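Peer 1: Okay, handing you the structure first.
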Amino acid sequence: MINISIDDSLRQACPAIQLACIYSEVTVHAQNQALWQLIDQTCDELAAQMKTEEIRHLPAIAAARQAYKACGKDPARYRLSAEALLRRVLSGKGLYRINNVVDLLNLVSIRTGFSIGGYDADRISGAIRMGIGQAGEPYEGLGRGVLNIEGMPVFRDDIGAFGSSTSDSERTGVTEQTKHFLMVLVSYDTNTKLQEASEMAQAFLADFAEGKAIENTLISL
């Protein structure tokens, strides 16, 4: 079973927070051509439909930006991963090419506006708790180096912080050796599209990552 609790401090700052958690066995490949055809199509559609200045007003992103402010973080300086990805897409750079599992996660994110954490579940130690980052708390962002997570919603295990809505961590990053994958979609309001986004993610895991033994859980206050 997926075991994630939410600290009281985060509950008070973000009383409408909801998590859609998906656990799956996966097969990681460097690239999936069918997935990238869908990604390219989605990027073209978004670039034709949306302007950069509209991104921060998307419901999921607007709620997450407000949550960052409530926790004590500047969302303009520490952008949400979904916002950063959409800005990249609308600038014509497309999505990063990482591996099929991370790529499908990013596709769900740009389609829905939810910031999504993706973790090698075998690198997580013990129960997961979501709270607010503390001053000086160590965190190495995936491809970003040391990241200041003070005032930022973060996931922790028995070792320490390993995930946030701005950047996943090096410690639990998905590689071609990953066999068990945990995906967490974070909604900072009562967004009725969270379940729809979760179902999309589960379908993509099955279609593009040979996902099986999928377990999903919705956590709300």
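Peer 1: Report the full-extension gain for the segment H180 to T192: residue separation times 0.36 nm, less the Cα-Cα distance, to one decimal in nm.
Peer 2: Taking H180 through T192 to full extension adds about 1.5 nm, to one decimal.
Peer 1: If I model a spin label as a point 7 Å beyond the Cα along the Cα-Cβ vector, how far apart are those points for A213 and N3 in nm?
Peer 2: 1.8 nm
Peer 1: For Cα pairs less than 8 Å apart in space and 6+ apart in sequence, what is the mean separation divided by the residue count of the chain, i.e. the relative contact order in percent?
Peer 2: Computed value for the chain: 37 percent relative contact order.
Peer 1: Obtain the nm distance between the two label points defined at K93 and Q12 by a simple spin-label model: each point lies 7 Å from its Cα along the Cα-to-C-beta direction.
Peer 2: 3.8 nm
Peer 1: I128's amide H: which non-local residues (gap 5+, or another chain) put their own amide H closer than 5 Å, with H modeled 1.01 Å from N in plane and none for Pro or chain starts?
Peer 2: Under 5 Å from the amide H of I128: N3, S5.
Peer 1: Taking 10 °C and 1.306 mPa s as the conditions, I'd like the Stokes-Einstein D for segment 4-220 in µm²/s, using the Kirkwood hydrodynamic radius from alpha carbon pairs.
Peer 2: Here the translational diffusion coefficient equals 93 µm²/s.
Peer 1: Kindly provide the pair-distance distribution of segment 100-221 built from C-alpha pairs, with 5 Å bins from 0 and whole-percent values in order of increasing distance.
Peer 2: Answer for segment 100-221: a P(r) of 2, 10, 22, 24, 22, 14, 6, 1, 0 percent.
Peer 1: Would you kindly state the longest site-free stretch of the chain, with sites defined as trypsin sites (Lys or Arg not before Pro) in a DSSP loop (not H, G, I, E, B) surrounded by at most 16 other Cβ atoms within 10 Å?
Peer 2: Formally, the longest exposed-site-free interval is 1-50.
Peer 1: State to the nearest 20 debye the size of the charge dipole of segment 4-220 about its Cα centre, where the only charges are +1 on K and R beta carbons and -1 on D and E beta carbons.
Peer 2: Dipole about the Cα centre, nearest 20: 600 debye.
Peer 1: Here is a follow-up. What's the lysine pair count for segment 4-220 at a Cα cut-off below 23 Å, pairs eight or more apart or interchain?
Peer 2: Close lysine pairs found across segment 4-220: 4.
Peer 1: Now for a different question. Given axes a ≥ b ≥ c from the Cα gyration tensor, I'd like to know whether segment 1-100 is rounded (a/c under 1.5), prolate (a/b larger than b/c) or oblate.
Peer 2: oblate
Peer 1: In nm, what is the difference between 0.36 nm times the number of residues separating Q134 and M50 and their Cα-Cα distance?
Peer 2: Answer, rounded to one decimal: 26.7 nm.
Peer 1: Simple spin-label model, 7 Å along Cα-to-Cβ: D122 to Q37 in nm?
Peer 2: 3.2 nm
Peer 1: Karplus couplings for segment 42-48 from phi (6.51 cos²θ - 1.76 cosθ + 1.60, θ = phi - 60°), rounded to Hz, Gly and Pro as x?
Peer 2: Computed from phi, the couplings for segment 42-48 are 5, 4, 4, 5, 5, 4, 7 Hz.
Peer 1: Go ahead and set up a Gaussian network model of the chain, Cα springs under 10 Å, then flag whichever of M152, M183, M200 fluctuates most.
Peer 2: M200
Each value in this text was obtained by applying a stated rule to the coordinates, not by laboratory testing. Given the structure is predicted, the values throughout are model-derived calculations rather than measurements. Every residue, glycine among them, receives a Cβ derived from its backbone with ideal geometry; neighbour counts consider all protein chains shown.
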